[in-house]
Amino acid sequence: MALVPRKKKRKDPALSLVGDSPVGAVKFGEAGIFLVERRMGSSRRSFLTELARKKGFRVEEQMSESVTHVVSENNSGDEVLELLEKQNGICRTEFKAALVDITWFTESMGAGKPLQLENRHRLQDALKILAENAELSENEGRYLAFTRASSVLKSLPYNVTKMDDLKGIPNLGDHSRKVIEEILEGGTCNEVQNLIQNERYQTLMKFTSIFGVGVKTADKWFREGLRTLNELRASKIKFTKQQEAGLLYYEDLILPVTKVEADLIQQIIEEAVHRFLPSAVITLTGGFRRGKEYGHDVDFLITHREEGREEGLISKVISWMTAQGIILYDDTMDNSYHKWKNKESEIFDRFAKCFSIFKLQKMVHNLEPSGTCSHGSLATNETRGIRLAGHAGSSQHLTASAAKDKDWKAVRVDLVVVPFGQYAYALLGWTGSRLFERDLRRYAKHFGHMMLNSHSLFDNKQNKFLLAATEEEIFAHLGLDYIPPQERNA
Ligand code: UTP
Ligand code: MN
């Protein structure tokens, strides 16, 4: 969950000490923490409460005016607000505390003090909201402008406190600067505040967060008067198979996927692929390859040194995993590169692939106070932490993933099978980020007169394809210094 920019209400520290924790003296009264139990569980919440209090933090059992930080784990900002509205009668327009992710909590525990929510984060979030809205209005120019502005703020090595701090910084347009100025002056930006209250924005954000639902479909449903997922579920709409799965596993699919989960999935896939092609190589790509700790899905490339050996692999692997009950949904397609005529205009590649939903056995949550991951607990689980979940079956419960005491999690996984000769290009294309790929392809076209995609690089001047065995060679063909994955987040 991203930080949602909200005005923080600073309370008199002395007042905040009233009626406080029995454990340890409160050292940081100005920050009042409320831990949201949903998806965290009561025992973990108690554990974290005790830990924080021992370190001198003020943790409130109930949501109240003196809470400055609402900490939740694996909930979206919208879900938290909805929950607080229902359980505590707190109106979202009057909500003053900062909504923060568990990472703020663990980092603060690690630092031994509540960490400042930097302006930079607030500004970044505001610009992201404006970018999202531009995307929902299908205004690509604005989307790119706000996304670039947000990503340039993210890359600044210092906190921004005044407009002068942004002198000479590229990629900040007038509109973005105006937004930043407003937030630096008054803490919020009117345009952004109005947007997060806006019904169309809220509804389209919700609908497009369903797997298989794009802006056009979401907008159509909105215009038909639909507003909530339950209204969608109860409606007569003829969903695609993908949307059906998206609704069925919605509650799980909006949760971030962790690096630990991605590694577990890699093990499952390796086991499955090696049954059919023992020396095939499976590579974790997408955001995780760029060093991200969380993702919305997990992306893998599968290849084999002897080109041709990978043919027909994907359907065998998916069939086997489906029979094992590991696959909840799949959309598997064959390689169609040979049919690819108008190469220039295509955005999507033509590799054999599968867009799937995995049924991942849940691990024991064992987050250490320092924020270390639960590697320790993995070893104690059966088969390296993964118990293959039982058969998926064809249950038609509309909220399968909301079921109580469910011991598995639905996770989106993309598998792409790549002929070895195109592997470097596929790796570059699937590592992202989307913005980076976009900029790189544009650079190739305008400055190099070359056409870059996930299959190849075509040099228009020499009228030939340029071969590459590594990403380094591709950057060299483009006349660029190598950019490592960690630096491709822009
Ligand atoms: P993702 O959408 O998975 O993004 O695409 P991500 O960077 O991993 O971030 P998460 O998943 O939201 O955390 C990864 C890369 O794969 C390319 C995209 O262009 C992006 O660069 N991609 C994705 C394709 O080439 N084709 C697709 O069908 C999907
Ligand atoms: Mn991804």
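Values in this text are rule-based calculations from the coordinates and carry no lab data. If you're wondering where the values come from, they're calculated on a predicted model, not measured in any experiment. For neighbour counting, all protein chains shown are included, and Cβ atoms are generated from backbone atoms with ideal geometry for every residue, glycine included.
What is the diffusion coefficient of the chain in µm²/s, taking the Kirkwood radius over Cα pairs and the Stokes-Einstein relation at 20 °C with a viscosity of 1.002 mPa s? My calculation gives 86 µm²/s for D. Each principal axis of the Cα cloud of the range 115-208 was taken in turn, and the coordinate range along them, longest first, works out to 37, 26, 22 Å. The alpha carbons of the range 446-490 stretch over 33, 23, 17 Å along the principal axes, in descending order.
With respect to the chain, whose longest principal axis is taken over its alpha-carbon atoms, helix 102-111 is tilted by about 70°. The angle between the Cα long axis of helix 313-323 and the main principal axis of the chain comes to about 50°, on a 0 to 90 degree scale. Measure out, as a whole number of angstrom, how far apart the alpha-carbon centroids of the range 418-442 and the range 104-148 sit. What the calculation gives is 26 Å, centre to centre. Annotation for Arg438 and Glu50: the two label points, set 7 Å from Cα along the Cα-Cβ direction, are 4.9 nm apart. Rounded to the nearest 10 degrees, what's the angle between the helix 174-186 long axis and the longest principal axis of the chain, both from Cα atoms, 0 to 90? On a 0 to 90 degree scale, this one is about 20. What's the FRET efficiency of Phe475 with Lys236 using the Cβ-Cβ distance as r and R₀ = 41 Å, to the nearest 0.05? It comes to 0.20.
Here the range 107-209 is assigned +1 on the Cβ of each Lys and Arg and -1 on the Cβ of each Asp and Glu. Its dipole about the Cα centre then comes out at about 220 debye. Highest mean first, the peptides 116-127, 192-203 sorted by other C-beta atoms within 10 Å per residue fall in the order 116-127, 192-203.
For the range 40-168, the calculated P(r) over all alpha carbon pairs, in 5 Å bins from 0 to the bin holding the longest distance, is 2, 9, 15, 18, 17, 16, 12, 7, 4, 1, 0 percent. Projected label points at Ser137 and Lys445, each 7 Å from Cα along the beta carbon direction, are separated by 2.4 nanometres. With a Förster radius of 45 Å applied to the beta-carbon distance between Glu306 and Lys220, the computed FRET efficiency rounds to 0.40.
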